[in-house]
1. Filter region 1-15 down to residues that are of a type in the set (A, V, I, L, M, F, W, C) and in contact (Cβ under 8 Å) with a residue 60 or more places away in the chain, then give me how many there are.
2. Could you tell me which residue of region 1-18 is farthest from VAL77 (Cα to Cα), considering only residues that are of a type in the set (A, V, I, L, M) and surrounded by 15 or more Cβ atoms within 10 Å (Cβ to Cβ)?
3. Would you check which residues across region 73-101 are closer than 19 Å to ALA127 by Cα and part of a loop (DSSP other than H, G, I, E, B) and list them?
4. Please name all residue pairs, on different chains or six or more residues apart, with Cβ atoms under 7 Å, provided the first residue is in region 58-69 and is at positive phi and the second residue is not in a loop (DSSP other than H, G, I, E, B).
5. Which condition number does LEU124 fail, the rest of (1) surrounded by 15 or more Cβ atoms within 10 Å (Cβ to Cβ); (2) within 24 Å of ASN4 (Cβ to Cβ); (3) in contact with a strand residue (DSSP E or B) (Cβ under 6 Å, 6 or more places away or on another chain) being met?
6. Which one is surrounded by the most Cβ atoms within 10 Å (Cβ to Cβ), of the residues in region 25-72 that are of a type in the set (S, T, N, Q) and not in a strand (DSSP E or B)?
7. Criterion first (at pLDDT 95 or above and not charged (D, E, K, R)) does ILE56 satisfy it?
8. Only residues that are of a type in the set (Gly, Ala, Ser) and either within 14 Å of the chain's Cα centre (by Cα) or within 8 Å of LYS6 (Cβ to Cβ) (or both): list them for region 46-61, please.
Amino acid sequence: MGQNQKILIIEDDALVADLIAVTLKHAGYVTMIASNAEDGLDDFASLGFDVVVTDIFMEGMGGIDGISKIRNLNADVPIIAMSGGYKDLNPTKALAAAKKIGASMVLSKPLSLDDVVDAVETVLQDA
């Protein structure tokens, strides 16, 4: 379980972000939410985090660009990308692109909150 490791959650759906944050807090992690990739990138650059959990499809800068920019700042931080697709866009292709650009792990939405905790624990062990 978490030992005060800091997790940045970049998710534009406030309900999903809050559910992930509360679940990770209960698992012992410190969480911060950014509602878009631009804010998430600023938070990451100024505060540093042990893991980033990011959605792929968001207004403005998308998660793929966000992952690329985070990788430019820190090549080693574990990044978990999530997607349920967007309109007629298939999440499988988006998640494959996220993995190719540098995501450590990908999760398809809808997902269980236990899956998020398991993913965080896995990427931290692998780091």
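The values are calculated or read from the model by the stated rules, or taken from the named source; none is laboratory data. Quantities reported herein were computed from a predicted structural model and do not represent experimental measurements. All Cβ positions, even for glycine, are placed from backbone atoms using ideal geometry, and neighbour counts span all protein chains on display.
1. Of the residues in region 1-15, 2 are of a type in the set (A, V, I, L, M, F, W, C) and in contact (Cβ under 8 Å) with a residue 60 or more places away in the chain.
2. The first filter runs over region 1-18 and keeps only residues of a type in the set (A, V, I, L, M), leaving 1, 7-10, 14-17.
Add one more test, that the residue is surrounded by 15 or more Cβ atoms within 10 Å (Cβ to Cβ), and what stays is 7-10, 16-17.
Numbers: ILE7: 11, LEU8: 11, ILE9: 13, ILE10: 15, VAL16: 22, ALA17: 20 Å.
The extreme case among them is VAL16.
3. Residues satisfying the conditions are ASN74, ALA75, ASP76, VAL77, PRO78.
4. Listed pairs, sorted by first residue: GLY60/ALA37; GLY60/GLU38.
5. All conditions pass for LEU124, except number (3).
6. ASN36
7. Considered against the rule, which asks whether it is at pLDDT 95 or above and not charged (D, E, K, R), ILE56 comes out as no.
8. GLY48
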